[in-house]
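*Asks:* First the structure, which I've put down as structure tokens, then a few questions once you've had a look.
The values are calculated or read from the model by the stated rules, or taken from the named source; none is laboratory data. Not measured: the values here are computed from a predicted model. Quick reminder, even Gly has a Cβ in these numbers, built from the backbone with ideal geometry, and neighbours come from all protein chains shown.
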């Protein structure tokens, strides 16, 4: 912790340097993952012009020239039905009189503070992917890594890393679940043997649709407000995480993208996507924060929404089917490794 | 108010009689509206078996033999793509130690009370329809009327009527909006000239998707916790409302159901349905209460969900199109009459 404080405290150019390093890691993931997806799909992402609604944002207009926000989408590809991606690096200021704790900016347990007469600078950067393949046999994937710092980051809990990666299959192939978890466990183990069990559990707990009594999918890893080591050590861990996603996920799509499927399989995929929508609108912190804060445009927040979701009155699958087996797994998260 | 108290106070058979009258009105609406829909569509509703999960409900197991809960659905009809309907009449008990205000059971402004050592009986009855036609030129309709009473209803604000009817078109036909509003204004005016302006405004305010800065649709009427007259007078008003729905809505579907439409029109309808989902999951009191209380099954709460909804990154319609005109109307609710 002392080391971080030293790093982030002074001189400023050293802090700037660390911010630059972190945002470069996320930008790299953004570009590399887009490239891997385009290579598999054959269709290119479209970059969306992005404007902030100055009226509704709590970030003052003080964003510096370093502020970058990029949304990309891929609709109707050869392999993927819809992919929403973004990369952000924002330097801004929280307006005066705002509770840091309520804004979600602080690490859990950090002493709350309300900005006084003057605005408080912050720095946020991250990248996010939500990937919906056409073929119902290929799982939906979500991955997001981010860094946040309030003020100069010297107060305990005033900077942190967050993120993770998780899978939502409509049809469960156990070897896919094992492959995805294994890839992430290897990265975790390289840094701390307690990470995978903690972050696997964190993922099961976070991606839970309480009104359904079900998990959203078969998990992966998830952590938030992580700052129990130096910023360099955690950046090294998060860098490895960002590099793990493509080899963890893309081979699964390669395996499943040309599998035969029926209209019933496609219908079931739409039901699973309906649950995905339910999670985003009722439980996802990022989406709720995005909508409430007005920090980004609604369409950027909803870049994570699936294409063509469906709801039926009675969507309980017949006992003994593959669909029923998946539901069972969603009700009681499994240890895959 | 005195008259109501007298009516609901004693003798018990008199109260039972009023409850019987109210639930009969809603049951009548339920049956008549289902019949009108089946006549137009040619396909019949399917009645769903319904069971309460005893573990999660705050209603104790004390529900009497009078308790009735009926869900009906019509999927893939000739005219309608999906209709979710229910009728309920429940006598139950709120467990001890529960805040009435938090439960949503009390009228706004009524003094809160927490059930003491003993459970408090309540009576709730109502009916609800969410109707999604195939043809994107025919509007989605929602209608719901309900009555609630806590204890013997003698305390101020311990009984009330709620409900309303509203339209969500994907394509705006002004004459349809006028017809629907006119039918409801006529009913309101028969009982109180202040009702239509109040309830029209109430509808615009309630069916508002705040994160979009848009109304869900072109409105209708909506009221909640209505108890400013005797229960007989309000039942007479609500009875007229329940009878107004079929002539207000069914002719619009008759007009639009065979209109030609393109794939683009169908896509736009799915985008509008996506907004409908957003409203239900982020703002609808009934759905949130239903999910939180566990009073009904999740599939009953989600009987109001549309079929096949869609989200695209940039769903802003091109200026000057019919779709753009609708969005304008949704941003600034209009007076239709």
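*Asks:* Which residues, counting only those in the range B:157-181, are surrounded by 15 or more Cβ atoms within 10 Å (Cβ to Cβ) and either in a helix (DSSP H, G or I) or without any contact (Cβ under 8 Å) to a residue 40 or more places away in the chain (or both)? Explain how you work it out, then say what you get.
*Replies:* Filtering the range B:157-181 down to residues surrounded by 15 or more Cβ atoms within 10 Å (Cβ to Cβ) leaves B:157-173, B:176-177, B:179-181.
B:176, B:177, B:179, B:180, B:181 - these are the residues of the range B:157-181 that are surrounded by 15 or more Cβ atoms within 10 Å (Cβ to Cβ) and either in a helix (DSSP H, G or I) or without any contact (Cβ under 8 Å) to a residue 40 or more places away in the chain (or both).
*Asks:* Name the pairs: first residue in the range B:227-239 and part of a loop (DSSP other than H, G, I, E, B), second residue modelled with pLDDT of 95 or more, Cβ to Cβ under 9 Å, at least 6 apart or on different chains?
*Replies:* That search, which allows pairs on different chains as well, returns B:227/B:161; B:227/B:234; B:228/B:234; B:229/B:191; B:229/B:192; B:229/B:237.
*Asks:* Tell me which of these residue A:283 doesn't satisfy, since it passes every other one: (1) at the interface with chain B (Cβ under 9 Å from one of its Cβ atoms); (2) on the phi < 0 side of the Ramachandran plot; (3) surrounded by 15 or more Cβ atoms within 10 Å (Cβ to Cβ).
*Replies:* Answer for residue A:283: the failing condition is (1).
*Asks:* Look at the range B:208-242 and say how many of its residues are closer than 18 Å to residue B:161 by Cα and in contact with a helix residue (DSSP H, G or I) (Cβ under 9 Å, 6 or more places away or on another chain). So that I can check it myself, show each step before the final result.
*Replies:* Just the residues of the range B:208-242 that are closer than 18 Å to residue B:161 by Cα, to begin with: B:220-242.
If we keep only those that are in contact with a helix residue (DSSP H, G or I) (Cβ under 9 Å, 6 or more places away or on another chain) too, we end up with B:220-224, B:226-242.
Number of matching residues: 22.
*Asks:* Filter the range A:252-267 down to residues that are in contact with a helix residue (DSSP H, G or I) (Cβ under 8 Å, 6 or more places away or on another chain) and within 14 Å of chain B (Cβ to nearest Cβ), then give me how many there are.
*Replies:* Total satisfying the criteria: 0.
*Asks:* Here's a follow-up. Restricting to the range B:142-156, give me the number of residues that are part of a strand (DSSP E or B) and either under 17 Å from residue B:235 (Cβ atoms) or modelled with pLDDT of 95 or more (or both). Give the steps one after another, and end with the answer.
*Replies:* Within the range B:142-156, the first condition is being part of a strand (DSSP E or B), and the residues that meet it are B:142-150.
Remaining after also requiring either under 17 Å from residue B:235 (Cβ atoms) or modelled with pLDDT of 95 or more (or both): B:142-149.
Of the residues in that region, 8 qualify.
*Asks:* Taking residue A:278 as the residue in question, decide whether it is in contact with a helix residue (DSSP H, G or I) (Cβ under 9 Å, 6 or more places away or on another chain) and within 9 Å of chain B (Cβ to nearest Cβ).
*Replies:* Spelling it out, residue A:278 is indeed in contact with a helix residue (DSSP H, G or I) (Cβ under 9 Å, 6 or more places away or on another chain) and within 9 Å of chain B (Cβ to nearest Cβ).
*Asks:* Of the residues in the range B:27-50, how many are closer than 21 Å to residue B:145 by Cα and more than 14 Å from chain A (Cβ to nearest Cβ)? So that I can check it myself, show each step before the final result.
*Replies:* Going residue by residue through the range B:27-50, those that are closer than 21 Å to residue B:145 by Cα are B:27-38, B:45, B:47-48, B:50.
Now restrict to residues that are more than 14 Å from chain A (Cβ to nearest Cβ): B:27-38.
Selection size over the range B:27-50: 12.
*Asks:* Where in the range B:280-337 are there helices (runs of 4 or more DSSP H), lying fully within it, with 2 or more residues that are closer than 17 Å to residue B:213 by Cα and free of Cβ contacts under 8 Å to residues at least 40 places away in the same chain? Step through it out loud before you land on a result.
*Replies:* Details: elements: B:285-293, B:298-301, B:322-331.
By residue number, B:322-331.
*Asks:* Identify, by number, the condition in (1) modelled with pLDDT of 95 or more; (2) crowded, with 22+ Cβ neighbours inside 10 Å; (3) more than 21 Å from residue A:69 (Cα to Cα) that residue A:311 doesn't meet.
*Replies:* All conditions are met except number (1).
*Asks:* Of all the residues that make up the range A:182-202, how many are closer than 26 Å to residue A:259 by Cβ and free of Cβ contacts under 8 Å to residues at least 60 places away in the same chain? Before you say what the answer is, go through the steps one by one.
*Replies:* Of all residues in the range A:182-202, those closer than 26 Å to residue A:259 by Cβ come to A:182-184.
Remaining after also requiring free of Cβ contacts under 8 Å to residues at least 60 places away in the same chain: none.
Selection size over the range A:182-202: 0.
*Asks:* Sticking with this structure for a sec: Looking at the range B:298-305, is at least one residue closer than 20 Å to residue B:178 by Cβ, within 17 Å of the chain's Cα centre (by Cα) and surrounded by fewer than 21 Cβ atoms within 10 Å (Cβ to Cβ)?
*Replies:* Within the range B:298-305, the first condition is being closer than 20 Å to residue B:178 by Cβ, and the residues that meet it are none.
Checking the range B:298-305: not a single residue is closer than 20 Å to residue B:178 by Cβ, within 17 Å of the chain's Cα centre (by Cα) and surrounded by fewer than 21 Cβ atoms within 10 Å (Cβ to Cβ).
*Asks:* Scan the range B:163-199 residue by residue and report those that are within 12 Å of residue B:335 (Cα to Cα) and in contact with a strand residue (DSSP E or B) (Cβ under 8 Å, 6 or more places away or on another chain).
*Replies:* Correct list: B:177, B:181, B:196.
*Asks:* Shifting gears a bit: Looking at A:238, A:277, A:272 in this structure, which one is buried (at least 22 other Cβ atoms within 10 Å of the Cβ) and closer than 28 Å to residue A:92 by Cβ?
*Replies:* Working: A:277 fails: closer than 28 Å to residue A:92 by Cβ; A:272 fails: closer than 28 Å to residue A:92 by Cβ.
On inspection, the qualifying residue turns out to be A:238.
*Asks:* Moving on to the next point. Among the residues in the range A:242-251, are any surrounded by fewer than 18 Cβ atoms within 10 Å (Cβ to Cβ) and facing another protein chain (nearest Cβ under 9 Å)?
*Replies:* Looking for residues that are surrounded by fewer than 18 Cβ atoms within 10 Å (Cβ to Cβ) and facing another protein chain (nearest Cβ under 9 Å), one finds none in the range A:242-251, hence no.
*Asks:* Now, a different point. With the requirement that a residue be in contact with a helix residue (DSSP H, G or I) (Cβ under 8 Å, 6 or more places away or on another chain) and either within 11 Å of chain A (Cβ to nearest Cβ) or under 22 Å from residue B:205 (Cα atoms) (or both), what does the range B:290-306 give you? Steps first, answer last, please.
*Replies:* Kept after step one, since they are in contact with a helix residue (DSSP H, G or I) (Cβ under 8 Å, 6 or more places away or on another chain), are these residues of the range B:290-306: B:290-291, B:293, B:295-296, B:298, B:300-302, B:304-306.
Those that are in contact with a helix residue (DSSP H, G or I) (Cβ under 8 Å, 6 or more places away or on another chain) and either within 11 Å of chain A (Cβ to nearest Cβ) or under 22 Å from residue B:205 (Cα atoms) (or both): B:290, B:291, B:293, B:298, B:300, B:301, B:302, B:304, B:305, B:306.
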